[in-house]
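> Dropping a structure here in structure tokens format, bear with me for questions.
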Amino acid sequence: MQKPSRERIKYQKNKKFLLADLILWKEISGRRIDNCRFNRQQLVEGITVDFYSAENKLIILVSPSHRGIIVQNEVLISQYFESLGYKVLRFDYDSVLNDLDTVINEIKVSSQTIYSAPDKNQPAA
């Protein structure tokens, strides 16, 4: 599969985007979800993604809900990463801002199905 390009739209990041991005980052940074480490604005396979956990090959994309044709490119990007074995979650800004609990729960479920952190209470074998 040919690698699609993920050029950010040449729009200025508005307050809504920055707020959604920061809110989600606050919730997933510092190993807050199942002890998984996430990086922000990470280069993965030559494409910059919003959030990435290398431990479980989980990519999170946050996009405006009104981009029209760009949404099609986001689908191609998701298909590209999935063909390489990555799990991709896509959320729109409004979901992050208005339904954060559902977004976090979906991230938790995805991280658990891909990666299980070792139990800290279990003695080493």
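The values are calculated or read from the model by the stated rules, or taken from the named source; none is laboratory data. Computed from a predicted structure; not experimentally measured. All Cβ positions, even for glycine, are placed from backbone atoms using ideal geometry, and neighbour counts span all protein chains on display.
> For V103, state whether it is surrounded by 14 or more Cβ atoms within 10 Å (Cβ to Cβ) and modelled with pLDDT of 90 or more. Let's see the steps before the verdict.
Values: surrounded by 14 or more Cβ atoms within 10 Å (Cβ to Cβ): yes; modelled with pLDDT of 90 or more: yes.
In short, yes.
> What are the residue pairs meeting all of these: first residue in region 37-51, first residue under 11 Å from Y80 (Cβ atoms) and in contact (Cβ under 8 Å) with a residue 12 or more places away in the chain, second residue among the β-branched types (V, I, T) and not in a strand (DSSP E or B), Cβ atoms under 7 Å, and 6 or more apart or on different chains?
From residues that are under 11 Å from Y80 (Cβ atoms) and in contact (Cβ under 8 Å) with a residue 12 or more places away in the chain, the pairs are I47/I77.
> Let me ask something additional. I need the full set of residues from region 85-99 which are of a type in the set (A, V, I, L, M) and in contact (Cβ under 8 Å) with a residue 60 or more places away in the chain, in order please. Reasoning before the result, please.
First pass over region 85-99, keeping only residues of a type in the set (A, V, I, L, M): 88-89, 96-97.
Residues satisfying the conditions are V96, L97.
> A further question follows. So which residues in region 24-65 are assigned to a loop (DSSP other than H, G, I, E, B) and on the phi > 0 side of the Ramachandran plot?
G30, R31, D34, N35, E45, G46, K57 - these are the residues of region 24-65 that are assigned to a loop (DSSP other than H, G, I, E, B) and on the phi > 0 side of the Ramachandran plot.
> Can I ask one more? Does D21 fit the bill of being touching a Lys or Arg at 6+ places or on another chain (Cβ under 9 Å), outside any helix (DSSP H, G or I) and at pLDDT below 90?
In short, no.
> Go through (1) modelled with pLDDT under 90; (2) within 11 Å of the chain's Cα centre (by Cα) one by one and return the number of the condition I69 breaks.
(2)
> Could you grab me the full set of residues in region 80-95 that are at pLDDT 90 or above and either under 19 Å from D34 (Cα atoms) or surrounded by fewer than 16 Cβ atoms within 10 Å (Cβ to Cβ) (or both)?
E82, S83, L84, G85, Y86, K87, V88, L89
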